[in-house]
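I have placed the structure first, in the form of structure tokens, so that the comments after it can refer back to it.
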């Protein structure tokens, strides 16, 4: 029996037989090698205000070309973009190779575009496409941003960081057990945040899901830890709305206010989102 190929991209390290697709739905074993199925295949593209990513302390008032592919290495029941993050190569896409992405981003500069943001689904699982595109974007004097769950191995992060200008990283919960329910790992995300903050502009987003990411004590600990890296890391505390497999009522506005008040004891810049 042929040996399985081990995917090196994230902590799941999926062991894949020939033709088998990994947990993320975007990487597969082809001819004994784990390759990206999403390379140059785009599901979503739009020229967005940078504040929509969200970034509140980086390039304010500017626009950025947002690009998404498909797949994710987490399985959050409350996923806001499940239609593309929880599907695989069978989904409808358009071809957009790195060269064309860089050209398009440059063409949009007269409309206020500053570069490209890899977002909508999880960009790190398709890091090869991000890296190739980011190099071309930088060569054109354009900026590169990632909106990510931060669940990747250090080697992947190190390859990308020289070509990344800003990251918004989801910190979904301060509980290791809660992260396991999503198929993730809290320590991996903390490591990503800490390392990225030494290399590029970093903002953090926590979705305040009722009973999952809306605890005051947990937020106090999270904000204190972020402040230990830098009290100037912006934290976005976003209001949950029912999505995908979760139909709990939206987070109470009063809860968002309390969470923000708690985080502001430690951090200079705390923003309420989706309110």
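Just so you know, all these numbers are worked out from the coordinates, no wet-lab data involved. Quick caveat: nothing in here was measured; it's all calculated off a predicted structure. Positions of Cβ are generated from backbone atoms using ideal geometry, with glycine treated the same way; all protein chains shown enter the neighbour counts.
Within region 136-159, can you find the residues that are closer than 24 Å to residue 52 by Cα and surrounded by fewer than 18 Cβ atoms within 10 Å (Cβ to Cβ)?
Scanning region 136-159 gives 138, 140, 141.
For region 160-185, give me each residue that is surrounded by fewer than 18 Cβ atoms within 10 Å (Cβ to Cβ) and in contact with a helix residue (DSSP H, G or I) (Cβ under 6 Å, 6 or more places away or on another chain).
176
Would you mind stating whether residue 134 is part of a helix (DSSP H, G or I), out of contact with any strand residue (DSSP E or B) (no Cβ under 7 Å at 6 or more places or on another chain) and free of Cβ contacts under 8 Å to residues at least 60 places away in the same chain?
The answer is no for residue 134.
Condition test on residue 256, is it farther than 24 Å from residue 123 by Cα, free of Cβ contacts under 8 Å to residues at least 60 places away in the same chain and assigned to a helix (DSSP H, G or I)?
Yes, satisfied.
Find all pairs meeting these conditions: Cβ atoms under 7 angstrom apart; at least six residues apart or on different chains; first residue within region 42-55 and more than 18 Å from residue 167 (Cα to Cα); second residue in a helix (DSSP H, G or I).
Qualifying pairs under 7 Å: 43/84; 44/84.
Given the residues 192, 198, 206, which is the only one that is touching a strand residue (DSSP E or B) at 6+ places or on another chain (Cβ under 9 Å) and either more than 21 Å from residue 55 (Cα to Cα) or not in a helix (DSSP H, G or I) (or both)?
Every option except 206 fails the conditions.
Take the residues of region 209-231 that are in contact with a strand residue (DSSP E or B) (Cβ under 8 Å, 6 or more places away or on another chain) and part of a helix (DSSP H, G or I): which is nearest to residue 167 (Cα to Cα)?
226
Any idea which of 124, 74 is in contact with a strand residue (DSSP E or B) (Cβ under 6 Å, 6 or more places away or on another chain) and either crowded, with 18+ Cβ neighbours inside 10 Å or within 30 Å of residue 176 (Cβ to Cβ) (or both)?
Exactly one of 124, 74 is in contact with a strand residue (DSSP E or B) (Cβ under 6 Å, 6 or more places away or on another chain) and either crowded, with 18+ Cβ neighbours inside 10 Å or within 30 Å of residue 176 (Cβ to Cβ) (or both), namely 124.
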